[in-house]
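Take a look at the structure set out below.
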Amino acid sequence: MKKLSAGLAVILAALFLSAGMPANLAPVPASVETITPEELRMHLEFLASDELGGRYTLAPNFGISARYLAAHLKSYGFQGAGKNGDFLQYFDVVSSRPDPGKTSLALTLDGKTTNYEMGSVYAFNSASGTASGRIVFVGRGISSPAQKHDDYAGLNVKNKIVLIAAGSPEGVDRAKLSDSELGDGAAAAHGAAGVLIVPEGRFAGFINDKGLKDRLLNREDIRLASSNDVKLPRLTLTKEVSEKLLAAAGLSAKAIADAEKEHHPLKPVELEASASLSVAFQEHKTRTQNVVGVLEGTDPKLKSEYVVFSAHYDHLQTAKDGGVFHGADDDGSGTVAILAIARAMAKDPPRRSILIVFHAGEELGLLGSEYNTDVAPAVPLEKIVADLNIDMIGRSKPENDQESADAHLTDRRSVYLVGSDRISHELHQISEATNEEFQKLRLDYLYNDPKDPERIYFRSDHWNYAKHDIPVIFYFAGTHVDYHRTTDTVDKIDFAKMANITRLVFETGWRVANLDHRLEKSK
């Protein structure tokens, strides 16, 4: 590439600054050109094959996918970032199913006690145990001094059952709430004995869908064996039970929704009612693994810092009838994109070190990324400069597509970006400037809205980095008619689009890895 004259360089720098864009961004190496549709297809045809059975985190053959990824990282020149230099970062998860005979709720209203079994109430990721006491409605159940919102203010909930309407009130940023400021954590901190949840939105739809009852009754919850998130016995209520309790509080589901729309706070109240709940689980432990590798940076000082590129390589369990959930797009597309980025980085290493993480257990609740951030990080969190995370970038909306499930699927030149400006506006500027210079994709920020009802910011692995104040960008092309179906197959992937997005992620990450300073945080 021809070197700019000093005068022209000054003019261009001034233009970038006047436009609010960063100056002095590193030139992108030619190794970006090794990221091709052909390479992406080669990897994906293996990872999304019938033989791998859908890459379910707890399946016996899930390790084959891990070994495939680890072997390629090693061949590129990466070093294992797991224990003793291993590329596999092992962790244990606990699988649990509610015991229907030992999970129930008894409500006493107006002196009359009614018993409810599984199907009228559900236990999801709850602590086992029993609890009883008077019921106190605590609104959204959020207690955050930092955000000047406390649903528990002036309430005595010690040894009582709290009733929580799921959701976040106006003015509260859920992304900044700690575990002890909401849900079980906040209830336990205030001395409550148990929790009852009134679900909202899509989740409420699932809970109240009679066609899903059998699936919900047999639903397996999976958590990290080391997790301490669950504090109290907790039951989620169906509409039938919710409305009885809300009526006792002078409310209804509609009244709660209206209060949200009109920005009226939900007033806590102690009900003339009591509850006794029992929750029990049947549990077993399984070991699985992330795949982690490090490429050492070239700068003697900056190589102690890391830019993370991540994707989840797990998908769904093979169906009872033998149907394979191939997960070509979800998230085979992100997985092979990260593998291609790793190879390109290794050909011309940047100043900072590169950490590649293929997370397991994303489909089970972001478990692999939770382990790598909250439990045993492969590298110190304070040394991570940014995480660029990819999930589902392989599909394009066909022309004249009228399928409602494809309504928000992006076209061949578009991609959704989530989170780029939430923690570091400088990262957002670098992303925008880099895209304008190279791939020129249409960057869509629909799902970056904090009020997005889909809550995409919280639904992939970048969230577990963002909650530690690590700048992130999440790249996502949208859901489609084949999402979480056996028909998510390689033949439907737009590899040209994938290559363009993958190159953009490489180019953006490369520039972040070569900055002479750490990304500035937004104020």
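Please state which one of L88, L69, L52, L109 is of a type outside the set (G, A, S) and either at pLDDT below 95 or not assigned by TED's automatic domain parsing to the domain that holds G293 (or both). Reasoning before the result, please.
Details: L88 fails: either at pLDDT below 95 or not assigned by TED's automatic domain parsing to the domain that holds G293 (or both); L69 fails: either at pLDDT below 95 or not assigned by TED's automatic domain parsing to the domain that holds G293 (or both); L52 fails: either at pLDDT below 95 or not assigned by TED's automatic domain parsing to the domain that holds G293 (or both).
When all the criteria are applied, what remains is L109.
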With the condition kept exactly as written, say whether any residue in the stretch 175-184 is surrounded by 23 or more Cβ atoms within 10 Å (Cβ to Cβ) and under 24 Å from E240 (Cβ atoms). yes
Looking at (1) assigned to a helix (DSSP H, G or I); (2) in contact (Cβ under 8 Å) with a residue 40 or more places away in the chain; (3) under 25 Å from S132 (Cα atoms), which is the one condition that is false for A247? (2)
Exactly one condition in (1) without any contact (Cβ under 8 Å) to a residue 40 or more places away in the chain; (2) closer than 21 Å to Y416 by Cβ; (3) of a type in the set (K, R) is false for K492; which is it? (1)
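Which residue is surrounded by the most Cβ atoms within 10 Å (Cβ to Cβ), if the candidates are limited to the stretch 205-218 and must be touching a residue at least 40 places away in the same chain (Cβ under 8 Å) and either in contact with a strand residue (DSSP E or B) (Cβ under 7 Å, 6 or more places away or on another chain) or of a type outside the set (D, E, K, R) (or both)? Step through it out loud before you land on a result.
Kept after step one, since they are touching a residue at least 40 places away in the same chain (Cβ under 8 Å), are these residues of the stretch 205-218: 207, 213, 216-218.
So of that shortlist, the ones also either in contact with a strand residue (DSSP E or B) (Cβ under 7 Å, 6 or more places away or on another chain) or of a type outside the set (D, E, K, R) (or both) come out as 207, 216-218.
Working: I207: 21, L216: 17, L217: 13, N218: 10.
Per the criteria, the residue is I207.
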Check on D387, surrounded by 24 or more Cβ atoms within 10 Å (Cβ to Cβ), of a type in the set (D, E), within 22 Å of the chain's Cα centre (by Cα) and under 25 Å from S522 (Cα atoms): yes
Of the residues S242, S274, S252, S226, which is assigned by TED's automatic domain parsing to the domain that holds R134 and under 30 Å from F87 (Cβ atoms)? S226
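Conditions (1) in contact with a Gly (Cβ under 7 Å, 6 or more places away or on another chain); (2) closer than 20 Å to V385 by Cα; (3) in a loop (DSSP other than H, G, I, E, B); (4) touching a residue at least 60 places away in the same chain (Cβ under 8 Å), marked per residue:
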site	(1), (2), (3), (4)
E454	no, no, yes, no
Y457	yes, yes, no, yes
Y475	no, yes, no, yes
D482	no, no, yes, yes
T486	yes, no, yes, yes
I501	no, no, no, yes
V505	no, yes, no, yes
T508	no, yes, no, yes
All-but-one check, I64 against (1) within 19 Å of P349 (Cβ to Cβ); (2) out of contact with any Ser or Thr (no Cβ under 9 Å at 6 or more places or on another chain), failing number (1)
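Restricting attention to the stretch 417-450, which residues are in a loop (DSSP other than H, G, I, E, B) and not hydrophobic (A, V, I, L, M, F, W, C)?
So the first thing to find is which residues in the stretch 417-450 are in a loop (DSSP other than H, G, I, E, B), and the list is 419-424, 438-441, 445, 449-450.
Those that are in a loop (DSSP other than H, G, I, E, B) and not hydrophobic (A, V, I, L, M, F, W, C): G419, S420, D421, R422, S424, Q439, K440, Y445, D449, P450.
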Being outside any helix (DSSP H, G or I) and out of contact with any strand residue (DSSP E or B) (no Cβ under 9 Å at 6 or more places or on another chain), is that true of even one residue in the stretch 37-47? no
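The values are calculated or read from the model by the stated rules, or taken from the named source; none is laboratory data. Source: prediction; values computed, not measured. Cβ coordinates were reconstructed from backbone atoms using ideal geometry, including for glycine residues, and neighbour counts include every protein chain displayed.
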